[in-house]
Amino acid sequence: FALGRYEQPERASGALPQRPDATARTHTQPQRHPFVTMRADDIVLYDMDMGPFASMCRLQLAEKGIAYKARPVSGATMENLEPFYAHLNPNMTVPTVSLKKEGKGEATLLTDSRDILEHFEDSDEGVSLIPGGKKRDVWRFIDEMYAIKIDSLYINNFRENSPSMFDLMRNGMLKKKLDTLELYAQKYPELKEQYEQKRAKQLEVRATVYDSTQLCEENKVKLAALMDNAESLLAKSKEGMGEEAGYKDYWLFGAEYSLADAVLTCFLSSLGMFDLVDLEGKPEVASFLARAKKRPSYKAARIVESIPMKMKMMLMPLLLVHKIKSLFSKGAEEADKAFATVKKSANEKLDEVVGAKK
């Protein structure tokens, strides 16, 4: 990792495929942060900057003061589908954590963010993020959030507000993912079962998330209930603080910042990226998020709250090309007209992004 080169560890079944071009980062807390930095015995977080569940793990580790090595996994290039990652995490989801005590055998792999959160909370490393007597309440709130299928909200947002982007995601990105999984199932027979299972899950996503709005409507109800619960808990905490609430921070379960607060912070930031949560009429939640963003851990964990400029610029030509390709079958003359229309629209969008004329 220090050399910027990632090599796969040996496992009982043999050596894993290597990704020599991957770059890793080591994260420790700056000394000015009010955390106690714990030594990392080979803690590797396979990470995705914009992933809401990866960000929850980063924020937990930052709050607990646990040092780790971050291995970025690119969603844009579908790196999580590559054989080296499928060996690590058969679900091919991000994050994954590899734990290996110094000088002790094989690494332990945690392949689900909920399991990662629980592992580090149950370990004796770092400060506890579970206030005394509140363990059941904290995990109940976290599980209420995990019950929300956030991808259904994302996709429906594009369906309603950006049909071209929705079309690109369904008929471009998702199709490419399905084709890649089918190809890899043939190319890597030792992983055929994992790739076929992953492809079946993606077909289910297409049916329930892209081709139906029922799941989205169900999750809108769950999201509204979560926001009501958060508002109520924060109001109760504020009331319990009395006059101190005017000059001291308060959180979901009182004066002590908890893992539930970290999870809610990342959840709200991810939803806010696409204007999927309305804090109108939720003054306590809005105030909570403002306070959470001021914590040193928020910056240390690199929480993403807006779409990066690089991604916006990358998506524009993709949208243009996909739109033209989808219309080309209608005839050259019609395609020419469509090209002119889409080009004009793309230039206007580009002006909005960069704030200047072409």
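The values are calculated or read from the model by the stated rules, or taken from the named source; none is laboratory data. Here the structure is a predicted model, which is why all the values come from computation and not from measurement. Cβ: placed from backbone, ideal geometry, glycine included. Neighbour counts: every protein chain shown. Ligands, DNA and RNA are excluded from the accessible area calculation, which covers all protein heavy atoms including side chains. Shrake-Rupley method; radii C 1.70, N 1.55, O 1.52, S 1.80 Å.
Assessment of region 274-282 against the conditions (more than 21 Å from the chain's Cα centre (by Cα), over 21 Å from ILE130 (Cβ atoms) and not in a loop (DSSP other than H, G, I, E, B)) yields no matching residue.
Looking at the structure I just gave you, is MET173 hydrophobic (A, V, I, L, M, F, W, C) and open to solvent by 60 Å² or more (accessible area, probe 1.4 Å)?
Details: hydrophobic (A, V, I, L, M, F, W, C): yes; open to solvent by 60 Å² or more (accessible area, probe 1.4 Å): yes.
Yes.
Could you say whether any residue in region 108-128 is of a type in the set (A, V, I, L, M, F, W, C), open to solvent by 10 Å² or more (accessible area, probe 1.4 Å) and within 15 Å of LEU45 (Cβ to Cβ)? Write out each step before concluding.
Pass one, region 108-128, residues of a type in the set (A, V, I, L, M, F, W, C): 109-110, 116-117, 120, 127.
With the extra rule that they be open to solvent by 10 Å² or more (accessible area, probe 1.4 Å), the set shrinks to 109-110, 127.
Still in the running and within 15 Å of LEU45 (Cβ to Cβ): 109-110.
Scanning region 108-128, I find at least one residue that is of a type in the set (A, V, I, L, M, F, W, C), open to solvent by 10 Å² or more (accessible area, probe 1.4 Å) and within 15 Å of LEU45 (Cβ to Cβ), so the answer is yes.
With respect to the conditions (1) among the basic types (Lys, Arg); (2) modelled with pLDDT of 95 or more; (3) open to solvent by 40 Å² or more (accessible area, probe 1.4 Å), LYS248 lacks only one, and its number is (2).
Which one is modelled with the highest pLDDT among residues in region 51-78 that are within 23 Å of SER306 (Cβ to Cβ) and surrounded by fewer than 19 Cβ atoms within 10 Å (Cβ to Cβ)? Only one residue tops the list, namely PRO72. Apart from one condition, TYR68 fits all of (1) touching a Leu at 6+ places or on another chain (Cβ under 7 Å); (2) closer than 14 Å to GLN194 by Cβ; (3) among the aromatic types (Phe, Trp, Tyr); the exception is (2). For residues in region 215-238 being over 20 Å from the mean Cα position of the chain (by Cα) and closer than 13 Å to ASP151 by Cα, which is surrounded by the most Cβ atoms within 10 Å (Cβ to Cβ)? Result: GLU218. Those helices (runs of 4 or more DSSP H) of region 86-171 in which 2 or more residues are among the hydroxyl-bearing types (Ser, Thr, Tyr) occupy 150-161. Being free of Cβ contacts under 8 Å to residues at least 12 places away in the same chain, of a type in the set (S, T, N, Q) and in contact with a strand residue (DSSP E or B) (Cβ under 6 Å, 6 or more places away or on another chain) holds for only one residue in THR77, THR96, THR108, and it is THR108.
Filter region 79-107 down to the residues that are of a type in the set (Asp, Glu) and more than 12 Å from TYR195 (Cα to Cα), then identify the one that is most open to solvent (accessible area, probe 1.4 Å). Working first, answer last.
Just the residues of region 79-107 that are of a type in the set (Asp, Glu), to begin with: 79, 82, 102, 106.
Subset that is more than 12 Å from TYR195 (Cα to Cα): 79, 102, 106.
Working: GLU79: 13, GLU102: 130, GLU106: 106 Å².
This residue is GLU102.
Could you tell me whether region 185-204 includes any residue that is modelled with pLDDT of 95 or more, touching a Lys or Arg at 6+ places or on another chain (Cβ under 6 Å) and over 30 Å from VAL263 (Cβ atoms)? Yes: region 185-204 contains one or more residues that are modelled with pLDDT of 95 or more, touching a Lys or Arg at 6+ places or on another chain (Cβ under 6 Å) and over 30 Å from VAL263 (Cβ atoms). Taking region 228-237 as the range and being touching a residue at least 40 places away in the same chain (Cβ under 8 Å) and out of contact with any Lys or Arg (no Cβ under 6 Å at 6 or more places or on another chain) as the test, the residues that pass are ASN229, ALA230, LEU233, LEU234, ALA235. Cβ-Cβ contacts under 9 Å between residues 6 or more apart (or on different chains), taken from a first residue in region 278-303 that is at pLDDT 95 or above and open to solvent by 30 Å² or more (accessible area, probe 1.4 Å) to a second residue that is among the hydroxyl-bearing types (Ser, Thr, Tyr) and not in a helix (DSSP H, G or I), are listed as ARG291/TYR250; ARG295/TYR257.
With respect to LEU181, is the statement that it is over 20 Å from THR93 (Cβ atoms) and either free of Cβ contacts under 8 Å to residues at least 60 places away in the same chain or part of a helix (DSSP H, G or I) (or both) true? Before you say what the answer is, go through the steps one by one.
On the way: over 20 Å from THR93 (Cβ atoms): no; either free of Cβ contacts under 8 Å to residues at least 60 places away in the same chain or part of a helix (DSSP H, G or I) (or both): yes.
It is false that LEU181 is over 20 Å from THR93 (Cβ atoms) and either free of Cβ contacts under 8 Å to residues at least 60 places away in the same chain or part of a helix (DSSP H, G or I) (or both).
Candidates in region 129-163 are the residues that are closer than 22 Å to TYR210 by Cβ, small (Gly, Ala, Ser) and surrounded by fewer than 18 Cβ atoms within 10 Å (Cβ to Cβ); of these, the one that is nearest to the chain's Cα centre (by Cα) is ALA147. Can you name every residue in region 252-273 that is over 18 Å from ALA225 (Cβ atoms), aliphatic (A, V, I, L, M) and part of a helix (DSSP H, G or I)? Result: LEU259, ALA262.
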